[in-house]
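The structure appears below as structure tokens.
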Amino acid sequence: SSGYESNFVYYFYIPDMELSSIEPAVLTEMGGLVKIHGASFPTSGEILCRFEDHKVAANRVDSHYVSCQAPAHSRGPVTVEISPNNGSTWVPVKTALMYGAPFESIVVTPVSGPVTGGTNVTVTGALDVDTYEHSIVLCRFGTLEVTSVVTGDSISCLAPKTAGAGAVPVTLSLRHKQ
């Protein structure tokens, strides 16, 4: 016996989270519930969301997304980060969260098109298009995302092909330009 004994303490390695998007991409200044999509969210431990300096607990829905209650904030972009380990490390979300005009006043024209896709859809209304200048704007038809063109006070995108007829929500996502 060497007279030396060691007690074992464990350090846990967790997979790197990959954060891809936040939904919705635009909130009213009152805040609201957001979903953060990605991969490799840990299955145990406390996950936190940080909206600039405001930290809140995340609700782990599954390994592909968490939800967080975004606080009230003034108009403009907000940095969002996720901590997989109760605030020890933070991972930025690749998609911007924009505080701005409410969705209720957005208009989509036309309101229908063929399941084969290809219809040019224009989104207008209470859009603060100036806040999108440093982002790539994506249109989401249900779960299908397509790129868009921002012109003046409107956003245009081509409706994607879909598997079947029916109504789908149209939302906007923002990704930071690299």
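If R0 equals 30 Å, the separation of the Cβ atoms of Asn7 and Trp90 corresponds to a calculated FRET efficiency of about 0.45. Averaged over residues, the count of other Cβ atoms within 10 Å places the peptides 51-58, 155-162, 22-29 in the sequence 22-29, 155-162, 51-58, highest first.
Keeping every protein chain present and rolling a 1.4 Å probe, give me the accessible area per residue for region 18-104 in Å². Intermediate results must be reported in sequence, preceding the final value.
Numbers: 4120 Å² over 87 residues.
Here the per-residue accessible area is 47 Å².
Counted residue by residue at 0.36 nm each, then reduced by the alpha carbon distance between them, the extension gain from Ser20 to Asp62 reaches 13.6 nm. Shape class for region 4-99, computed from the alpha carbon gyration tensor (a ≥ b ≥ c): prolate, with a/c not under 1.5 and a/b above b/c. Surface composition of the chain: carbon and sulfur atoms hold 55% of the protein heavy-atom accessible area at a 1.4 Å probe. Here region 44-94 was treated as a single set of alpha-carbon atoms; its pair distances binned every 5 Å from 0 give 5, 21, 32, 26, 11, 4, 1 percent.
The values are calculated or read from the model by the stated rules, or taken from the named source; none is laboratory data. Note that this is a predicted model, so its numbers are computed, not measured. FYI the Cβ positions are ideal-geometry reconstructions off the backbone, even for glycines, and counts take in every protein chain you see. Accessible surface is based on the protein model in full, side chains and every heavy atom, while ligands, DNA and RNA are left aside. Shrake-Rupley method; radii C 1.70, N 1.55, O 1.52, S 1.80 Å.
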